[in-house]
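Below is one structure; the comments refer to it alone.
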Amino acid sequence: MEYIKKAQFNCETVSEQKRVIVQGLLKDIKDRGETAVYEMAKKFDGWEGDFILSHEQRKEIIARVPEHVKADIRFAYEQVKRFAQAQRESIREFEVESLPGVRLGQKVIPMVVAGCYVPGGRFAHACSAIMSIATAKAAGVKTVIGCSPPRGKSIAPAVVYAMDIAGCDIILQMGGVQAIATMAYGLFTGTPANIIVGPGNAYVAEAKAILLGTGQCAIDVFAGPTESSIIADRTADPMTIAIDLVSQAEHGLDSPVWLHTDSREVALRVSDLVPKIIADMPDPEVPGTSWRDYGEIILCENRDELVRVSDLYAPEHVQVIAEDLEWWCDNLTNYGSLFLGEGSTVPQGDKCSGTNHILPTKKAGIISGGLNVHKFLKITTYQEISPAANRVISAAASRLSRVEGMEGHARACDWRLRKYFPNENWDFKVYDQKKY
């Protein structure tokens, strides 16, 4: 493995300073409730209005969205909804009789309340609203609360429209840590969220992580700065690669983009093209800084090494522009979402192809996938053991309980054996724990 270009910095998960700040904000909101939220909204967003968007306000804001924009947002919604519904259908309730008289089953229960954070800093993330809210609704979540930072007099109109058609029940004009805490604690709505999802800045991500750690609610993924990689062989077009790398570098000053290739010619050509494409951007500073500080080009010996390197990075997005796409699909394992072939580019998935764009970063793809319908579902089980089946199940459970030294567990099973089979002699042997 050879670095044609190496990143100057590594993105930290979160600085200790930011963690301390977020902990302080969350404690303040926990202690003082809505009063603290009002103060933070004024301080951080300059917002002094109502937080809950009324039905009349929704209608008035949505009326400002041009019809052609609404059409595109509806298109994105339909694609995301269709894929989310297919995900929901892929997991089902079932029941099985594992032994005569032993009935076991699986239930799929949606979360009652979901909180969906929609970022609204540099960009108006209408598609992000669809990704979280439509997915929650496809899962069957009864109440979805959406939060997005106000931009001027309210949330961006396109975002409000996206939240509305996706099925958002309550829209809050609020951003930052205070929005995450508001949804988690049920402030202003009286309905605490069982799960909070959606991307945001480092403070938002840390707030979600802290609340997860306290058991306050579940979260989707740790969503840090966007990261994208491209795997390319000698057949790949360097211009396509360079354009796609720059397209993702515009997310932020600290958004890593990586090229992994086994072609020196492709690597050098892309290295030459990227700065030129950045210079042609309307705002070259952001992609330029991201590429300078976090961009990498790595030259590998062959496709097996490319797979090893890519899986080590576990990028949020992986594009493959190479021959034998099915081989890559079968062999790559660590990523948030995979884009196969030159016709597939990350912005398609970010906006409207149908898969979810809320994905794991910072190597979390090694252990987790992105946001999906299943995140909003609880998989529970049930069982019914007939008296007759206790002859086998209780007898085994009694013996196993004593192997583990759990006499109380054993006696609960012993009682059933005595009760259901009073004429039988049972050997309730106590095991020597030192042997097990």
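From helices alone, the chain scores -13500 deg cm²/dmol at 222 nm; the rule is -39500 (n - 2.57) for each run of n ≥ 4 DSSP H residues, then divide by the residue total. When only Cα pairs below 8 angstrom with a gap of at least 6 residues are kept, the stretch 140-197 shows a relative contact order of 34 percent. With a Cα-only, solvent-free Debye model of the stretch 101-173, what are the log10 I(q)/I(0) values at q = 0.14, 0.17, 0.19 Å⁻¹? These q points yield log10 I(q)/I(0) values of -0.43, -0.57, -0.68. Can you give the Rg to Rh ratio of the chain, both from alpha-carbon atoms, with Rh computed by the Kirkwood formula? So for the chain, dividing Rg by the Kirkwood Rh gives 1.08.
Exposure proxy check: Val102, Val113 ranked by fewest other beta carbons within 10 Å?
Val102, Val113
Among Gly140, Val373, Asn425, whose Cα projects farthest towards the positive end of the dipole of the chain, with charges put on the beta-carbon of Lys, Arg (+1) and Asp, Glu (-1)? After comparing all options, I get Asn425.
Would you mind telling me the antiparallel percentage of the DSSP bridges in the chain, rounded to 5? Each step should come with its number before you reach the end.
Numbers: 19 of 51 bridges.
Bridges in the chain are about 35 percent antiparallel.
Computed log10 I(q)/I(0) for the stretch 348-414 at 0.13, 0.15, 0.26, 0.27 Å⁻¹: -0.63, -0.66, -1.12, -1.14, from the Debye equation with unit scatterers placed on every C-alpha and solvent omitted.
Work out the length of the dipole vector of the chain about its Cα centre, built from +1 on the beta-carbon of each Lys and Arg and -1 on the beta-carbon of each Asp and Glu, and round it to the nearest 20 debye. Could the numbers behind the result be given before it?
Numbers: 48 positive and 55 negative charges, 401 e Å.
Value, rounded to 20: 1920 debye.
Per-residue packing, averaged as other Cβ atoms within 10 Å, sorts the ranges 118-130, 155-167, 295-307, 202-214 into the order 155-167, 118-130, 202-214, 295-307, beginning with the highest.
For the stretch 165-233, the calculated P(r), taken from all Cα-Cα distances in 10 Å bins from zero up to the bin holding the longest distance, is 19, 47, 22, 8, 4, 0 percent. Each Lys and Arg adds +1 at its Cβ and each Asp and Glu adds -1 at its Cβ; summed about the Cα centre, the stretch 1-69 shows a dipole of about 260 debye.
Normalised by the number of residues in the stretch 386-435, what is the relative contact order in percent for Cα pairs under 8 Å and 6+ residues apart?
On the way: 46 pairs, mean separation 20.5, N = 50.
Computed over the stretch 386-435, the figure is 41 percent.
Annotation: amide H of Ile171 within the under-5 Å range of Leu53, Gly146, sequence separation 5 or more or interchain, hydrogens built in the peptide plane. Over all Cα atoms in the stretch 386-435, the spread is summed up by Rg and Dmax: 10.7, 34 Å.
Kindly put Glu404, Glu16, Glu342 in sequence by how many other C-beta atoms sit within 10 Å of each C-beta, fewest to most.
On the way: Glu404 12, Glu16 8, Glu342 18.
Taking fewest neighbouring Cβ atoms as first place, the list is Glu16, Glu404, Glu342.
Modelled spin-label separation between Trp426 and Asn10, with each label point placed 7 Å from Cα along the Cα-to-Cβ direction: 5.7 nm. If you average the alpha carbon positions of the stretch 129-173 and of the stretch 1-51, how far apart do those two centres end up, in angstrom? Spelled out, the Cα-based centre of one part sits 21 Å from the other. The base-10 log of I(q)/I(0) for the stretch 36-101, evaluated at q = 0.16, 0.17, 0.20 Å⁻¹, reads -0.86, -0.89, -0.94 [Debye formula, identical scatterers on Cα atoms, solvent excluded].
Treating only the Cβ atoms of Lys and Arg (+1) and Asp and Glu (-1) as charged, compute the dipole magnitude of the stretch 386-435 about its Cα centre; round to the nearest 20 debye. The partial results should precede the final answer.
Details: 10 positive and 6 negative charges, 4 e Å.
For this selection, approximately 20 debye.
Residues Ile219, Ile393, ranked from the fewest to the most other C-beta atoms within 10 Å, line up as Ile393, Ile219. With the convex hull drawn around the C-alpha atoms of the stretch 9-67, the volume per residue stands at 173 Å³.
Give the residue from Val270, Phe339, Asn302 lying farthest towards the positive end of the charge dipole for the stretch 236-343; charges sit on Cβ (+1 for Lys and Arg, -1 for Asp and Glu) and the dipole is referred to the Cα centre. It is Val270. Considering only Ala397, Ile73, Ala207, and ranking their Cα positions along the charge dipole of the chain that arises from unit charges at the beta-carbon of Lys, Arg, Asp and Glu, the one farthest toward the positive end is Ala397. Residue by residue, the stretch 406-423 carries 3J(HN,Hα) couplings of 9, 5, x, 4, 4, 5, 4, 6, 4, 4, 5, 5, 5, 5, 7, 10, x, 9 Hz when phi is fed to the Karplus relation 6.51 cos²θ - 1.76 cosθ + 1.60 (θ = phi - 60°); x denotes Gly or Pro. Model label points for Gln85 and Leu400, set 7 angstrom from Cα along the Cα-to-Cβ axis, are 4.1 nm apart.
With a cut-off of 8 Å between alpha carbons and a minimum separation of six or more residues, what is the relative contact order of the chain in percent? Numbers along the way, then the final one.
On the way: 869 pairs, mean separation 82.9, N = 436.
Normalised by residue count, the contact order of the chain is 19 percent.
Relative to the longest principal axis of the Cα atoms of the chain, helix 238-249 runs at roughly 70 degrees. What's the angle, to the nearest 10 degrees (0 to 90), between helix 67-90's Cα axis and the longest principal axis of the chain? For helix 67-90, the angle is close to 30 degrees.
Mind checking the full-extension length gain between Glu78 and Lys30? Use 0.36 nm per residue of separation minus the Cα-Cα distance, one decimal, nm. Don't skip to the end; give the middle numbers.
Working: separation 48, 0.36 × 48 = 17.28 nm, distance 3.83 nm.
The span from Glu78 to Lys30 would gain 13.5 nm if fully extended.
To the nearest ten degrees, helix 390-403 and the longest principal axis of the Cα atoms of the chain are 70 degrees apart.
Every number in this text was worked out from the coordinates using simple rules, so none of it is lab data. Quick caveat, the model's predicted, so the values are computed rather than measured. Cβ: placed from backbone, ideal geometry, glycine included. Neighbour counts: every protein chain shown.
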